[in-house]
Amino acid sequence: MDKLVVKGRNRLRGEVTVSGAKNAAVAVIPAAVMAGGVSILENLPCIEDVRNLCATIEKIGGKCTYLDKHTVKIDCSQGVAYQADFEEVQQLRASYYLLGALLARYKQAEVAMPGGCNFGKRPIDLHLKGFRALGAVVTEENGVIKARAEHLKGASIYLDQASVGATINIMLAASMADGVTTIENAAKEPHVVDTANYLNMMGANIKGAGTDVIRIKGVESLKGAQYTIIPDQIEAGTYMIAAAITGGDVLVKNIIPKHMDSLTAKLDEMHVKVDEGDDSIRIIADTPLQAVNVKTMSYPGFPTDLQPQIAALLSVCGGRSVLTENVWDNRYQYIEELRKLGAKVEINGRIAVIDGIDHFTGAEVRATDLRAGAAMILAALAAEGETVIDGVRYIDRGYEDVEYKFQEMGADIRRIKG
Ligand code: EPZ
């Protein structure tokens with residue numbers, strides 16, 4: 001398995017360009033299966049998860065053609081199989097969106113239970129509850145979810161929790177149901193809005209995405225569309241934190257500043273200078289940073305997917321910070337790795353108490369999941385000496401050209417193929 005070797009303490013400088021949003025791409029690609037025509041998806045990140053999803057679509061009979069590194073033509077006009085029950089699907093959490101997409105188009109779907117990042121229980125009961133409310137019979141056999149309906153019929157659905165996946169999956173299925181569906185307590189994340197925008201360009205009738213009530217009027221068929229994916233909020237946040245943790249000065253380009261408000265507010269509180277442009281943010285960290293408290297929440301709150309990265313930063317801020325993880329049950333597995341680099345963190349359930357240290361010290365660590373891996377890179381960039389990060393395949397699932405982008409900003413980081 002590949003490793004990254006980082007020699008720390010270089011102040012990052014210059015510019016970095018953010019790629020398309022992973023969590024939007026992995027919803028929009030399955031949605032393309034619903035069209036009886038050709039879609040062209042632009043600004044897709046060039047990452048493992050996207051390649052795997054395209055391979056899955058090919059395997060069920062669609063055609064995915066790369067027009068360039070970031071643009072894929074998806075043609076499912078000749079139809080696809082409604083079964084995606086093979087191994088590749090299990091390796092990809094977002095393959096659950098194939099359930100909603102295939103159910104919408106064929107009124108039946110059989111999809112292997114998703115895998116993905118490893119941080120505790122990741123239920124999909126709310127997705128299935130939504131499908132059932134639309135009239136589908138849903139069963140599970142040997143790790144494969146099977147959903148089938150004579151007709152899908154619009155319904156009023158209240159989500160017990162504002163789940164991103166359930167909101168998107170129900171939106172997909174309801175787009176081709178008879179009548180009107182309302183999703184209350186819907187997730188408001190930027191990728192929910194991006195998926196709704198793409199579906200609307202395909203001919204769907206979705207209103208309210210980005211608020212907590214989404215109204216979907218079902219249509220009979222959808223056509224292909226040309227669509228540009230939004231920039232990745234989490235990749236952008238990772239680079240903003242990278243600039244801060246190295247005392248750097250970096251212009252992060254291809255960004256939607258509004259999506260970054262919760263992080264910007266925290267960096268500001270820590271005394272990092274944040275200058276917003278129209279589609280860029282410049283981060284300047286030239287004074288000692290101050291500890292702050294952070295609580296993760298669904299959007300527009302502080303994203304759980306930036307929790308490990310901000311923990312790395314808080315570890316080298318002056319004073320004590322309290323970090324609270326409100327979204328996932330068990331997202332602190334990486335803390336053990338951060339401790340190997342010298343971090344002082346005590347965990348009590350969902351709360352991490354972090355006492356700032358002067359600096360990290362290089363060590364051998366491993367990426368326990370995608371964002372945990374990002375946090376290891378950030379800590380390594382700020383560490384005295386050399387850090388070797390194992391488990392880079394997790395990082396490759398979500399960050400395009402990760403070592404090149406950091407090298408461009410002046411980081412001493414290289415990959416060892418393994
Ligand atoms: C999405 O996962 C993202 N993944 C995750 O990003 C992200 O951490 C998460 O949203 C929260 O923002 C993708 O978009 C592919 P949820 P998702 O359903 O949709 C509970 C990354 O690093 N829940 O919003 O699976 C669940 O246990 C990844 O890029 C249920 O109880 O998350 C959790 O506590 C990791 N039942 C909370 O809701 C359900 O049926 C939020 O989960 C579904 C969820």
Of every Cα-Cα pair in the chain, the percentage lying beyond 37 Å is 22 percent
Counting only DSSP beta bridges fully inside the chain, the antiparallel percentage to nearest 5 is 70 percent
Taking alpha-carbon centroids only, the range 298-323 lies from the range 165-240 a number of Å equal to 28 Å
Relative contact order as a percentage, the range 22-223, C-alpha pairs under 8 Å and 6+ apart, gives 18 percent
Neighbours of MET176 by Cβ distance under 13 Å: Lys/Arg at +1, Asp/Glu at -1, summed charge +3
The alpha-carbon pair-distance distribution computed for the range 236-308, with 10 angstrom bins and whole-percent values, is 21, 57, 22, 0
Regression test value, accessible area per residue of the chain, probe 1.4 Å, units Å², expected 38 Å²
Excluding ligands, DNA and RNA, the carbon-plus-sulfur percentage of the accessible area of the range 333-382 with a 1.4 Å probe reads 45 percent
Projected onto their principal axes, the Cα atoms of the range 53-185 stretch, largest extent first, over whole-Å spans of 40, 36, 29
Given pairs LYS146/LYS217; LYS295/LYS340; LYS253/LYS295; LYS7/LYS405; LYS253/LYS273; LYS73/LYS107 and cut-off 20 Å on Cα-Cα distance, the over-length ones are LYS146/LYS217; LYS295/LYS340; LYS253/LYS295; LYS73/LYS107
When every protein chain stays in place and a 1.4 Å probe is rolled, PHE131, PHE86 sorted by accessible area with the largest first are PHE86, PHE131
In the range 22-223 the accessible area split gives carbon plus sulfur, as whole percent at 1.4 Å, a share of 47 percent
Simple SL model, points at 7 angstrom along Cα→Cβ for ASP212 and GLU408; separation in nm is 3.9 nm
FRET efficiency for ASP178 and THR228 from the Cβ-Cβ distance with R0 = 45 Å, rounded to 0.05, comes out at 0.90
Packing-ranked peptide list from 308-321, 173-186, 336-349, 18-31, highest mean Cβ count within 10 angstrom first, is 18-31, 308-321, 173-186, 336-349
Surrounding charge for LEU4, neighbours by C-beta under 9 angstrom, Lys/Arg +1, Asp/Glu -1, total 0
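The values are calculated or read from the model by the stated rules, or taken from the named source; none is laboratory data. Quantities reported herein were computed from a predicted structural model and do not represent experimental measurements. For neighbour counting, all protein chains shown are included, and Cβ atoms are generated from backbone atoms with ideal geometry for every residue, glycine included. Note: accessible area is taken over every heavy atom of the protein model, side chains too, but ligands, DNA and RNA are not part of it. Shrake-Rupley method; radii C 1.70, N 1.55, O 1.52, S 1.80 Å.
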